[in-house]
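Have a look at the structure below, then the notes.
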Amino acid sequence: MKRILGLGVVIVSLVAVAAFGQIPAPTGDIVLKLTGAVALQNTEGGFAFDLDMLKALPFVAYMVTDPWLGDQVYGGVRLADLLAYVGVPADAKTVVIVASDEKEFPVAMKDALYYPILIAYTSDGNPIKASKGGPLKLVYPYQIEGMEALYAPEQWSWYVIEIRVDF
């Protein structure tokens, strides 16, 4: 059953591409790569996004208490929406967030798909500055009870450059 569901996600991604004619490619600086088990690829080994491509995906914003910066309204793309866009197999177990310093932050696939975990590119309506962890930052919805117990403050990732889908 999981294989069928995984195939369904892949088909949905490919149908979306077919509807638009071609696989989108970045025209600006690449800010994020999705690698590993992804169906939709626009570069060798994965899918690369520039900031405009990310901004074209559904935008979500919420207020959360950032463990390092206090109350912030972060906005960006839900991790689940990114994964659905590129198509991931149903039996993938982990999403690994990779920062520019090569630190890795694993997120269980079931959590990535269920919770509104963000790859944020705005804070309080403004682009996230490098001095505050931008341009992309992994944000956990700490306003949801129990989230901090699942993902400690040390698992927030600044300077996100890659999301890798693992089995």
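Coordinate-derived values only; no laboratory data. These numbers were taken from a predicted model, which means no experiment stands behind them. When we count neighbours, we look across all protein chains shown, and the Cβ atoms used for this are built from the backbone with ideal geometry, even at glycine.
Would you list, by chain and number, the lysines whose Cα falls below 24 Å from the Cα of Lys33, excluding same-chain residues fewer than 8 positions away?
Result set, ordered by chain and number: Lys55, Lys93, Lys103, Lys110, Lys129, Lys132, Lys137.
Filter the GluC sites (Glu not before Pro) in the stretch 76-164 down to the DSSP loop ones having no more than 10 other Cβ atoms within 10 Å, then list what survives.
Within the stretch 76-164, the qualifying GluC sites (Glu not before Pro) (loop, at most 10 other Cβ atoms within 10 Å) are Glu102, Glu145.
Please give the charge dipole size of the stretch 2-166, origin at the Cα centre, charges +1 on K and R Cβ atoms and -1 on D and E Cβ atoms. Round to the nearest 20 debye.
It comes to approximately 400 debye.
Roughly how far apart, in whole Å, are the Cα centres of the stretch 54-111 and the stretch 153-167?
8 Å
For the stretch 36-109, which trypsin sites (Lys or Arg not before Pro) are in a loop by DSSP, counting at most 14 other Cβ atoms within 10 Å?
Those that pass, being in a loop and sparsely packed, are Lys93, Lys103.
If neighbour count is taken as other Cβ atoms inside 10 Å, put Ile117, Ile163, Ile144 in order from fewest to most.
So the residues, fewest neighbours to most, are Ile144, Ile117, Ile163.
What residue among Ile23, Trp156, Gln72 has its Cα farthest toward the positive end of the dipole of the chain, where the charges are +1 on Lys, Arg and -1 on Asp, Glu, each on the Cβ?
It is Ile23.
Using only the alpha carbon atoms of the stretch 9-167, find the Kirkwood hydrodynamic radius as the inverse mean reciprocal pair distance, in angstroms to one decimal.
15.7 Å
Please compute the Kirkwood hydrodynamic radius of the stretch 60-115 from all pairs of different C-alpha atoms, in Å with one decimal.
Averaging 1/r across every pair of different Cα atoms and inverting gives 12.9 Å.
Counting only helical runs of four or more DSSP H residues, what would the 222 nm mean residue ellipticity of the chain come to if each run contributes -39,500 (n - 2.57) and the total is spread over all its residues?
-7000 deg cm²/dmol
Please give the residues of the stretch 43-71, grouped as numeric ranges, whose backbone N is less than 14 Å from a label point set 7 Å along the Cα-to-Cβ vector of Gln22.
Only 43 pass the distance filter.
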